[in-house]
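Each reported figure results from applying straightforward, stated rules to the coordinates on display, with no laboratory input. Everything numeric in this text was worked out from a predicted model, so none of it was measured. As a convention, Cβ positions derive from the backbone with ideal geometry for all residues, glycine included, and neighbour counts pool all protein chains shown.
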Amino acid sequence: MIREAVPEDATFIEELYGILLPEHPAIHVSPERLKQIADHPESFLYVCEEQETIVGSLHLHFCMDALCDDRPFAVIERVIVAEKVRGKGYGAMLMRHAENVAISKGALKIMLSSAAKREEAHRFYEILGYDSSSSKVFKKYL
């Protein structure tokens with residue numbers, strides 16, 4: 001089941017982020033921040049829950065754009081599925097859910113960021129129709 005994260009999910013999401021970003025020294029997911037995200041009209045943190053256990057998450061953001069009237073674009077970040085359940089369709093469920101939300105909000109496109117070294121994830125995104133050859137994402141942490 002896909003649902004929006006609630007403050008009580010903080011510990012589980014933090015564990016998933018630790019898998020996604022093992023070299024990141026300061027991962028901390030607070031219940032208060034999850035509440036702020038839930039209250040924000042253009043930001044959605046989804047979790048995939050199986051048998052009352054969170055097995056994956058995805059963060060979807062909507063950004064205003066001037067390109068095509070009032071259509072926003074969407075950004076997906078921090079897609080992670082627990083290692084022990086990968087290959088069971090949970091990641092695809094999360095991505096389909098995010099795409100359906102983006103369609104319902106009239107988004108022009110979805111941009112997705114993924115760490116350069118996550119080659120297995122890149123193959124997964126390509127199977128879902130994402131094209132990495134048309135753009136390159138640059139980041140600068142502040």
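Observations on the model:
- From largest to smallest, the equivalent ellipsoid semi-axes obtained for the chain from the alpha-carbon gyration tensor read 23, 19, 16 Å.
- Set of lysines with alpha-carbon distance to residue 139 below 20 Å, sequence-local pairs under 8 removed: 109, 117
- Quarter the surface of the alpha carbon convex hull of the range 64-142 and you get the mean projected area, 6.5 square nanometres.
- Förster-model FRET efficiency, 30 Å R0, residue 65 and residue 88, C-beta, rounded to 0.05: 0.30
- Highest-first arrangement of 30-40, 92-102, where packing means the average Cβ count within 10 Å: 92-102, 30-40
- 3J(HN,Hα) couplings calculated from phi for the range 50-62 with the Karplus curve 6.51 cos²θ - 1.76 cosθ + 1.60 (θ = phi - 60°) are, in sequence order, 10, 6, 6, 10, 6, 10, x, 8, 7, 10, 10, 10, 10 Hz; Gly and Pro show x.
- Using the Cβ-Cβ distance between residue 51 and residue 100 with R0 = 30 Å, the FRET efficiency computed as 1/(1 + (r/R0)^6) comes to roughly 0.80.
- Stretching the chain fully between residue 126 and residue 78 yields a gain of 15.6 nm (0.36 nm per residue, less the alpha carbon separation).
- Modelled label positions at residue 138 and residue 4, each set 7 Å beyond Cα in the direction of Cβ, lie 3.5 nm from each other.
- Summing Cβ point charges (Lys, Arg +1; Asp, Glu -1) relative to the Cα centre of the chain gives a dipole of roughly 460 debye.
- Those aspartates and glutamates that a straight Cα-Cα span of less than 19 Å connects to residue 35, excepting residues fewer than 8 apart in one chain: 4, 8, 9, 14, 15, 49, 77
- Computed 3J(HN,Hα) for the range 116-128, one whole-Hz value per residue from the Karplus formula 6.51 cos²θ - 1.76 cosθ + 1.60 where θ = phi - 60°, is 4, 7, 8, 4, 5, 5, 4, 4, 4, 5, 5, 4, 7, glycine and proline marked x.
- Karplus 3J(HN,Hα) series, Hz, for the range 34-42 with 6.51 cos²θ - 1.76 cosθ + 1.60 (x for Gly, Pro): 4, 5, 4, 5, 4, 7, 7, x, 10
- Among 79-86, 7-14, 53-60, 127-134, the order from most to least packed when residues are scored by Cβ within 10 Å on average: 53-60, 79-86, 7-14, 127-134
- Over the chain, Cα pairs under 8 Å with separation of 6+ residues give a relative contact order of 19 percent.
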